[in-house]
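Please read the structure below before turning to the comments.
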Amino acid sequence: MFGDGGESPSRHELLSMVKKHSNLIGKTVVDEQDASDVEMDQTFWHDVLDLYFIGGRDSKQQQDDDLLFFVRKMGLHGYGFNDNLEGNSPYFVRRWAAKLDELVGESSVIVDWRRSLYLNLIAHTSYSVTVAICSHQTLQNHQSNQGTPLSPIYKILKTVYASPSRVNFHLDSRKEVETKPAYPDICFAVDDFDSTFDAVVLTDKDHCYCVLLNAVGGAAFPTEKPPPQDTNSPPKHNTDGPQTNKTKLTLFSGFVSYQMVREAYDAGKSGFGSLLPFGHSSGKTDRIYMKGPGGRGEVEVAVSGIADHSLDEFGPQSPLHISQGGFKIGAMVRKAASVAQVAAKNAYAVASSARNPDHAMVPLKCCLMSISLPWEHIAHDLLFKGGAPVNL
């Protein structure tokens, strides 16, 4: 379909074709009359995937992996109508090879090439997640006036990867215990969540827990080669300010107040309504599920209260005083940043004077475990979303 013996389209040209024929993305009710003939043509999507991820592999960045994902066609009873070929998972995986048809083999008959193209576009794009503690007042000021700076009290930036599978973590052992398909959701998991976000502690009732997911490069951001210039004419300067190509895109942004996290942590049962439905697991750490703005996406967070060791500071073996030696400090105080420890201690000192213990301030450590979003939301934003990204 492409080239007819001539030069193959560039990645920018291919992406423009994909945008042109992506009218069905994001629609809950699909009317095939709304789709172009090309959009329903599996051969078109097969060829685009072949050119973009097989033929274009020599332009892959060093950090890209060489796995390709293939979504199975849906039968009358969902995925898995042809179990003799590839099992009952909604997708299967192959390692890159020079020829697409040889790579897929006889499984080609069960591949939905359109959805496979989108899934690979998502999987081969680079992402970062920002977790921050912000003042509620600062967030309100920013929402009312976008020009107001949004300066976090504390933040952590972490590289994450898009996957059509989900990892279930065992909170008491901090080890992944099961991996299962998540598709049509895409999961961005943080395997080392406990150590990565150890210092993210809400220590004030004005604190808010903020999560941002940004796409920052990779397959959805092909590098465009500048057009050749006439050597006899003076060089052209960019008069449009920053480059027009997207280099960063916010896919998810949301925050919750300390009070909302505290109520979930205390209750251990449904109490957030539609905004933050959550689950409760036994033990000292609660697994809380937070719905994104407008019900879009889901954030999984491990929340634990920081123990009050303020009374220990006068003891000869106080964990606040011991920095070295044979004492198992980690068993007495869970590792936390010194700033968070001091803030937690001060918060307890204030809370101890409160008459009603139910309103006492309890420092809460919030460790982001994963973010999940439907693939169609991600694909739509990668292709069409404009505007400046959210920066923290």
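Here are the criteria: (1) charged (D, E, K, R); (2) outside any strand (DSSP E or B); (3) modelled with pLDDT under 90. Tell me which single one Arg262 does not satisfy.
(3)
Out of the residues in the stretch 351-360 meeting the condition of being part of a loop (DSSP other than H, G, I, E, B) and of a type in the set (A, V, I, L, M), tell me which one is modelled with the highest pLDDT.
Taking the candidates together, the pick is Ala360.
Just the residues that are surrounded by 21 or more Cβ atoms within 10 Å (Cβ to Cβ) and of a type in the set (D, E, K, R), please, taken from the stretch 99-120.
Across the stretch 99-120, the qualifying residues are Arg114, Arg115.
Please state which one of Lys225, Lys236, Lys246 is within 26 Å of Gly297 (Cβ to Cβ) and either of a type in the set (D, E, K, R) or at pLDDT below 65 (or both). Outline the logic, then answer.
On the way: Lys225 fails: within 26 Å of Gly297 (Cβ to Cβ); Lys236 fails: within 26 Å of Gly297 (Cβ to Cβ).
Answer to the check: Lys246.
Right, Val111: of a type in the set (A, V, I, L, M) and closer than 29 Å to Asn88 by Cα or not?
Yes, satisfied.
For the stretch 145-155, check the following and say yes or no: at least one residue is surrounded by fewer than 16 Cβ atoms within 10 Å (Cβ to Cβ) and either touching a strand residue (DSSP E or B) at 6+ places or on another chain (Cβ under 6 Å) or part of a strand (DSSP E or B) (or both).
The answer is yes, given that some residue of the stretch 145-155 is surrounded by fewer than 16 Cβ atoms within 10 Å (Cβ to Cβ) and either touching a strand residue (DSSP E or B) at 6+ places or on another chain (Cβ under 6 Å) or part of a strand (DSSP E or B) (or both).
Need at least 1 residues that are under 22 Å from Pro9 (Cβ atoms) and modelled with pLDDT of 90 or more per element, so show me which helices (runs of 4 or more DSSP H) inside the stretch 33-112 make the cut, counting only ones lying wholly within it. Let's see the steps before the verdict.
On the way: elements: 42-49, 83-86, 100-104.
Filter on the stretch 33-112 gives 42-49, 100-104.
Across the stretch 361-392, what is the total count of residues that are among the basic types (Lys, Arg) and in a strand (DSSP E or B)?
Number satisfying all stated conditions: 1.
The values are calculated or read from the model by the stated rules, or taken from the named source; none is laboratory data. None of the values given here were measured: they were computed from a predicted structure. We place every Cβ from the backbone using ideal geometry, glycine too, and count neighbours over all the protein chains shown.
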